[in-house]
Amino acid sequence: MPASRVLPTEEAADLLKLVRDLATKELLPRAAQDEATETFPRDVFTLLGRSGLLGLPYSEEYGGGGQPYEVYLQVLEEIASVWSSVGVGVSVHALSCFGLVEHGTDEQKRAWLPDMLGGELLGAYCLSEAHAGSDPAAMKTTARRDGDSYVLNGAKAWTTHGGNADFYKVMARTPGDSGDRSRSISCFLIPADTAGFTADPPEKKMGLTGSSTTTMRLDDVRIPAERLLGNEGDGLKIALAGLDSGRLGIAAVATGLAQGALDQAVAYAKTRETFGKKIIDHQGLAFVLADMEAAIQSARAMVLHAARLKDRGLPFSREASIAKMVATDNAMKVTTDAVQVLGGYGYTRDFPVERYMREAKVMQIFEGTNQIQRMVISRALAKDNNGTIKESN
Ligand SMILES: Cc1cc2nc3c(=O)[nH]c(=O)nc-3n(C[C@H](O)[C@H](O)[C@H](O)COP(=O)(O)OP(=O)(O)OC[C@H]3O[C@@H](n4cnc5c(N)ncnc54)[C@H](O)[C@@H]3O)c2cc1C
């Protein structure tokens, strides 16, 4: 049963219908096979780009779709309900464009954005390093100014689309405020074919096997100085601001993944019989399904609440963290329960729910683990409390 949606415009409703159709016809038939063979579906991203789905939340002026986040996230959800590797890929591509959209000069935007938002080029986002995931300010990759160029050295771990992307948004340490490690990081846009920039073999992962994840190595990578986004020292700020929106993308993907698992579980429960009746007619099992539905709807409501704050230009960082945490924890629970509903068959690769369960796990880990989301939320609470005390003084 597809999710019922309330959309802000008729145009948005038509867009969602188009996406649902494309997902069913073009993505669903090949998702299981590409995941099983660990094949990166580059042609799917080309198709999504040509259908206008890779730059949806960005301005039409530079080739984006001009859609509010409220609509973009529901598109992501529909894609992820049939193929979460592709949903994650669309979200990561949007994240990789964020720095240029928000901090690029007009000249930089004119030169690069149309191909990035139009979907000709696929992006990747390189913040993490092997020893610096939750704590990115500990990064060691360096960028040294040399005349009209920067020269980068180091290794960026866990790069989604690594080896398959056309451009990489890379955060690296530049000389700067030595007393503040977060103010000496800068943000660069590096084309894939730059000399010295190479991808290690992909990680062997538990799930999301159709999405490549690699370490990207930078050995004396020389790029023109105009590939710096924003000012020297702005890099971590740009990276983390992008993550607020990126987390909403992951929350939407997790919600779609959970919806896909629930749809499978309900369909199965309506046909499987034990003790002379369908298992959905056993209250003990029907209540499991009811809890799954409630978890998904709660997650969707939180995702859309955060999106609407963002669309209105209001602060949404805390709500993005809540949405990411709730949606991904709920997706883990829902996909685990979907395996339970299918009994022994759920544990086999003959049904997709075991894959959904493996895919849900990583949603609790990347773009800030759910422990880090709790840190963001609790820090916001601490600030609120200080504010309240001040007001009462
Ligand atoms: C499939 C996949 C794709 C990824 N794609 C990308 C990408 O495209 N670009 C990119 O830059 N990165 C990417 N990542 C990296 C991802 O963001 C990191 O793995 C994540 O931020 C966690 O970092 P870590 O693995 O180093 O774990 P660590 O930071 O070492 O954390 C280990 C554990 O300690 C906990 N922890 C750490 N600090 C605290 C604290 N202060 N309080 C409480 N608990 C804490 C964490 O929650 C976690 O449970 C990807 C990762 C995966 C698995």
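The residues listed here are A252, A261, A286; of these, the one that is closer than 30 Å to I185 by Cβ and not assigned by TED's automatic domain parsing to the domain that holds A137 is A252.
In the range 139-151, the qualifying residues are those that are out of contact with any helix residue (DSSP H, G or I) (no Cβ under 7 Å at 6 or more places or on another chain) and open to solvent by less than 50 Å² (accessible area, probe 1.4 Å), and the one that is farthest from the ligand (Cβ to nearest atom) is V151.
Here the range 125-134 is the region considered, the condition is being assigned to a loop (DSSP other than H, G, I, E, B) and under 19 Å from the mean Cα position of the chain (by Cα), and the residue that is surrounded by the most Cβ atoms within 10 Å (Cβ to Cβ) is L127.
Filtered by the rule that a residue be open to solvent by 40 Å² or more (accessible area, probe 1.4 Å), near the ligand (Cβ under 10 Å from one of its atoms) and in contact with a Lys or Arg (Cβ under 7 Å, 6 or more places away or on another chain), the range 152-184 gives no residues. If you go through the range 299-344 and keep only what is among the polar types (S, T, N, Q) and farther than 14 Å from A252 by Cβ, you end up with S317, S321, T335, T336, Q340. In the range 354-383, of all residues being open to solvent by less than 60 Å² (accessible area, probe 1.4 Å) and charged (D, E, K, R), the one that is nearest to G344 (Cα to Cα) corresponds to E354.
Please determine whether any residue of the range 281-298 is under 19 Å from the mean Cα position of the chain (by Cα), modelled with pLDDT of 95 or more, open to solvent by 30 Å² or more (accessible area, probe 1.4 Å) and not acidic (D, E). Looking for residues that are under 19 Å from the mean Cα position of the chain (by Cα), modelled with pLDDT of 95 or more, open to solvent by 30 Å² or more (accessible area, probe 1.4 Å) and not acidic (D, E), one finds none in the range 281-298, hence no. Looking at the range 19-87, the helices (runs of 4 or more DSSP H) lying wholly inside it that each contain 3 or more residues that are more than 30 Å from G104 (Cα to Cα) and among the charged types (D, E, K, R) sit at 28-36.
Residues of the range 228-283 that are outside any helix (DSSP H, G or I) and within 28 Å of V376 (Cβ to Cβ): L228, L229, G230, N231, E232, G233, D234.
Inspect all residues belonging to the range 199-211 and state whether any of them is outside any loop (DSSP other than H, G, I, E, B), closer than 30 Å to D106 by Cβ, among the aliphatic types (A, V, I, L, M) and over 18 Å from the mean Cα position of the chain (by Cα). No, because not a single residue in the range 199-211 is outside any loop (DSSP other than H, G, I, E, B), closer than 30 Å to D106 by Cβ, among the aliphatic types (A, V, I, L, M) and over 18 Å from the mean Cα position of the chain (by Cα). Here the range 213-223 is the region considered, the condition is being open to solvent by less than 10 Å² (accessible area, probe 1.4 Å) and within 16 Å of the ligand (Cβ to nearest atom), and the residue that is farthest from V90 (Cα to Cα) is L218. Of all the residues in the range 100-138, those that are within 25 Å of G87 (Cβ to Cβ) and either near the ligand (Cβ under 8 Å from one of its atoms) or in contact with a helix residue (DSSP H, G or I) (Cβ under 9 Å, 6 or more places away or on another chain) (or both) number 22. The requirement of being open to solvent by 10 Å² or more (accessible area, probe 1.4 Å) and over 23 Å from L304 (Cβ atoms) is fulfilled nowhere in the range 77-99; no residue meets it.
In the range 314-336 there is at least one residue matching the filter, namely being exposed (fewer than 14 other Cβ atoms within 10 Å of the Cβ) and either at negative phi or of a type outside the set (V, I, T) (or both).
Filtering the range 41-57 for residues that are within 16 Å of the ligand (Cβ to nearest atom), open to solvent by less than 10 Å² (accessible area, probe 1.4 Å) and in contact with a strand residue (DSSP E or B) (Cβ under 6 Å, 6 or more places away or on another chain) leaves an empty set.
Restricting E60, E78 to residues that are within 30 Å of D14 (Cβ to Cβ) and over 20 Å from the mean Cα position of the chain (by Cα) narrows the list to E60. If you go through the range 195-212 and keep only what is free of Cβ contacts under 8 Å to residues at least 60 places away in the same chain and open to solvent by 20 Å² or more (accessible area, probe 1.4 Å), you end up with A195, G196, T198, A199, D200, P201, E203, K204. Going by what's in this entry, would A195 be described as of a type in the set (A, V, I, L, M), assigned to a loop (DSSP other than H, G, I, E, B) and either over 25 Å from A80 (Cβ atoms) or in contact with a helix residue (DSSP H, G or I) (Cβ under 7 Å, 6 or more places away or on another chain) (or both)? It is true that A195 is of a type in the set (A, V, I, L, M), assigned to a loop (DSSP other than H, G, I, E, B) and either over 25 Å from A80 (Cβ atoms) or in contact with a helix residue (DSSP H, G or I) (Cβ under 7 Å, 6 or more places away or on another chain) (or both).
The values are calculated or read from the model by the stated rules, or taken from the named source; none is laboratory data. None of the values given here were measured: they were computed from a predicted structure. Positions of Cβ are backbone-derived with ideal geometry, glycine not excepted, and every protein chain shown enters the neighbour counts. Quick note on the areas: whole protein, heavy atoms, side chains included, nothing else; ligands and nucleic acids left out. Shrake-Rupley method; radii C 1.70, N 1.55, O 1.52, S 1.80 Å.
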